[in-house]
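The values are calculated or read from the model by the stated rules, or taken from the named source; none is laboratory data. These numbers come from a predicted model, not from an experiment. Using ideal geometry, Cβ is built from the backbone for each residue, glycine included, and neighbour counts are taken over all protein chains shown.
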Amino acid sequence: MKKICLLLSMVFFTAMFSGISSPLAYAASNPAVKIGLYFGSTAQSQILISSDKGVEYNAYDASANTNTKVYESSPGQALNIRKDSYFTGSGAKLTAAAAAANSTVGPYHLKLQSTYNSYNDTVPVVNSYKQKGIVAYPVFTDSGWNIWTGFYVDNASAQAAISEVKGKLGQVECTVVDKVDTRICGADSSTGEVVFMFAAAQKLLRGKSLDENGPVKIGTAKLNTYRGQVEFFRVTGSDMTVINVLPMEQYLYGVVPNEIESYSNVEALKAQAVAARTYAYLNLTKTSKSNTHLNYGFNLCSDIHCQVYRGMGSENANTNTAVDQTKDMVITYNGQLIEAVYSASSGGRTEDGSNVWTGAPYLKSVEDKYESGNSPKYNWTLTFTADEISQKLKNYNIGDVTSIEVTRLSEAGRPIELIVKGTLKPEGIKFTKDGCRTFMSLYSQWYTITSNADVTVLVDGKEEKKQLGQLTIISADGKTKSVEPGQSLTVIDANGKASLLSAVPTEYTFTGRGYGHAVGMSQEGAKGMANAGFKFDEILTHYYTGTMIDIKK
């Protein structure tokens, strides 16, 4: 996960916990938050939606905050919600196609006759058309209900079908509906029968369970039940985006058990709940410039880029209780929401935010002595061949990697600058801050590097680590010479131990501690502090220097 900001509405509450301050002004309590489930590269061309008691589909007008009913599915009936686009196949078995070529289903249609006042008004007309051999369907538009027929792959095909339609229906008014990249279609998943087309450009299609407290089933994944509503949004670069819209506190039910083990000490669960809530509220205040997810119609994604969210199917009684017991609590510094970043494990000390991304007075390096040495990735080792590193960095045009050298450390001991040299870039490529971790997708930014060409030598009485290829050596016969690239030599150390070393490293070993960026709260450390008797507010104010826990209503 990553960041946080500010909110807006006044609260009046007496603080009952140490470290919890007076009320702040924030947005209305428990507002709706929009979570992107499928978008960008994971956007869906079609997806199944159902609920045990049925789903009510509405046209949501965001400017007026109103809903207009579009369709109501029967209990357990799954609809295939799909974009109005190109597909191959027929009936219920359709496969998305890139374009018109070889498609059997397309986004061109024929509009029949007039506009209707409601869905129910279209039903008898649609049925009468079907009896005459024309498969038609109701269409919701900004100006009312229409009846359309056909899914043609181009305008010409639609034009050519007009004579056939009129031949069966008589001289009914019949006009071509051209391709528009915002329409969405709802079809019965068993039969493929189209039950509605959503063609309103000024509204959003949403679905909610007819059971007020029941979840909506979205897709076929194992954990596919979600509280609140499902929203569909078609936009360039993320077509079709599937969004879960639900109250903030219910969203947190689906976050906390996926960010920290639900069997953890309750004080650690509470700390996680408050940090996650702070992160989410901040994102409700952001613009599309600082939160590109808004371009796809939602506030937060459901993955580690934001916070891991898996919906109602992942909820746990312990974590739900932790969310409820910290309801409306957020972390602030000087009256403003903080960037409540957190990571899995610090390895024993967190890092100053300025050495990873940008600094903040509350993101300071602090001791993390309660974190268990048995925490996952508390100690770790990764080994890469020089070829693997060269391949990983191929976009930098570095050639074959010849050396990796840490040139600067933070006060906590983490590399914050390193130089990778190669045959095409002998001067090297510099990586700084978080780049010292991400350049090789390392577990953390706290590590040392060794290679199979390392030797320790005395320079002016001090030990220094050098690579064999950087040295001039004296061989057993007393001759002085340089080591050629690709050459390997047997080196005998001061204790008489012989080792075969390469002149230029062919293998690099990273030996490190911790898991993640190490800024802010360590989840493993929070669990350790909770087990040692610390309360959730004490845990949070330890990791976020100079902060308070505020309550909004």
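Can you tell me which residue in the stretch 397-418 is farthest from residue 353 (Cα to Cα), limited to those that are part of a strand (DSSP E or B) and of a type in the set (A, V, I, L, M)? Explain how you work it out, then say what you get.
To start, the set of residues in the stretch 397-418 that are part of a strand (DSSP E or B) comprises 401-409, 415-418.
Then drop every residue that is not of a type in the set (A, V, I, L, M), which leaves 401, 404, 406, 409, 416, 418.
Details: 401: 30, 404: 24, 406: 19, 409: 14, 416: 11, 418: 18 Å.
Among those that are part of a strand (DSSP E or B) and of a type in the set (A, V, I, L, M), it is 401.
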Determine whether the stretch 357-376 contains at least one residue that is of a type in the set (S, T, N, Q) and over 19 Å from residue 511 (Cα atoms). yes
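Does residue 314 satisfy the criteria of being surrounded by fewer than 24 Cβ atoms within 10 Å (Cβ to Cβ) and either under 23 Å from residue 431 (Cα atoms) or within 18 Å of the chain's Cα centre (by Cα) (or both)?
yes
Results for (1) surrounded by 12 or more Cβ atoms within 10 Å (Cβ to Cβ); (2) under 45 Å from the mean Cα position of the chain (by Cα); (3) farther than 29 Å from residue 61 by Cβ, shown as yes or no for each residue.
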{"site": "92", "(1), (2), (3)": "yes, yes, yes"}
{"site": "98", "(1), (2), (3)": "no, yes, yes"}
{"site": "127", "(1), (2), (3)": "no, yes, yes"}
{"site": "135", "(1), (2), (3)": "yes, yes, yes"}
{"site": "141", "(1), (2), (3)": "yes, yes, no"}
{"site": "146", "(1), (2), (3)": "yes, yes, no"}
{"site": "149", "(1), (2), (3)": "yes, yes, no"}
Subset of the stretch 51-72, residues surrounded by 15 or more Cβ atoms within 10 Å (Cβ to Cβ) and either under 15 Å from residue 243 (Cα atoms) or free of Cβ contacts under 8 Å to residues at least 60 places away in the same chain (or both), comes to 57, 58, 59, 60
Can you pull out every residue in the stretch 27-64 that is of a type outside the set (A, V, I, L, M), more than 22 Å from residue 225 (Cβ to Cβ) and over 27 Å from the mean Cα position of the chain (by Cα)? 63
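Name every residue in the stretch 508-553 that is small (Gly, Ala, Ser) and in contact (Cβ under 8 Å) with a residue 60 or more places away in the chain, in order of residue number.
512, 514, 516, 518, 520, 522, 525, 526, 528, 530, 532, 546
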So is residue 291 of a type outside the set (Val, Ile, Thr) and either surrounded by 22 or more Cβ atoms within 10 Å (Cβ to Cβ) or farther than 26 Å from residue 62 by Cα (or both) or not? no
Taking into account only those residues within the stretch 92-102 that are touching a strand residue (DSSP E or B) at 6+ places or on another chain (Cβ under 9 Å) and touching a residue at least 24 places away in the same chain (Cβ under 8 Å), which is nearest to residue 189 (Cα to Cα)? 92
For the stretch 337-375, enumerate the residues that are exposed (fewer than 14 other Cβ atoms within 10 Å of the Cβ) and over 22 Å from the mean Cα position of the chain (by Cα). 359, 361, 367, 369, 372, 373, 374
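Specify the residue that is modelled with the lowest pLDDT; the eligible residues are those in the stretch 390-418 that are among the charged types (D, E, K, R) and under 14 Å from residue 510 (Cβ atoms).
Here is the first cut: in the stretch 390-418, the ones among the charged types (D, E, K, R) are 392, 394, 400, 405, 408, 411, 414, 417.
When the remaining residues are screened for being under 14 Å from residue 510 (Cβ atoms), the result is 392, 405, 414.
Working: 392: 97, 405: 94, 414: 98.
Taking the candidates together, the pick is 405.
Looking only at helices (runs of 4 or more DSSP H) that lie completely in the stretch 237-355, which have at least 2 residues being touching a residue at least 60 places away in the same chain (Cβ under 8 Å), touching a strand residue (DSSP E or B) at 6+ places or on another chain (Cβ under 8 Å) and not β-branched (Val, Ile, Thr)? Reasoning before the result, please.
Numbers: elements: 248-253, 256-259, 266-284, 317-325.
Filter on the stretch 237-355 gives 248-253, 266-284.
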Being under 25 Å from residue 283 (Cβ atoms), in contact with a helix residue (DSSP H, G or I) (Cβ under 6 Å, 6 or more places away or on another chain) and modelled with pLDDT under 95, is that true of even one residue in the stretch 56-63? no
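From the list 360, 386, which one is farther than 18 Å from residue 252 by Cβ, among the hydrophobic types (A, V, I, L, M, F, W, C) and not assigned by TED's automatic domain parsing to the domain that holds residue 274? First the steps, then the outcome.
On the way: 360 fails: not assigned by TED's automatic domain parsing to the domain that holds residue 274.
Matching residue, one of 360, 386: 386.
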Give the residue that is surrounded by the fewest Cβ atoms within 10 Å (Cβ to Cβ), with candidates limited to residues of the stretch 34-50 that are among the aliphatic types (A, V, I, L, M) and farther than 19 Å from residue 197 by Cβ. 43
Do you know which residues across the stretch 419-439 are at pLDDT 95 or above, part of a loop (DSSP other than H, G, I, E, B) and in contact with an Asp or Glu (Cβ under 9 Å, 6 or more places away or on another chain)? 424, 428, 433
Take the residues in the stretch 204-263 that are within 19 Å of residue 303 (Cα to Cα) and among the hydroxyl-bearing types (Ser, Thr, Tyr); name whichever of them is farthest from the chain's Cα centre (by Cα). 262
How about the stretch 52-106: which of its residues are closer than 19 Å to residue 152 by Cα and charged (D, E, K, R)? 82, 83, 84, 93
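So is residue 120 closer than 22 Å to residue 205 by Cα, touching a residue at least 24 places away in the same chain (Cβ under 8 Å) and not hydroxyl-bearing (Ser, Thr, Tyr) or not? Explain how you work it out, then say what you get.
Details: closer than 22 Å to residue 205 by Cα: yes; touching a residue at least 24 places away in the same chain (Cβ under 8 Å): no; not hydroxyl-bearing (Ser, Thr, Tyr): yes.
Taking the combined requirement at face value, the residue does not satisfy it.
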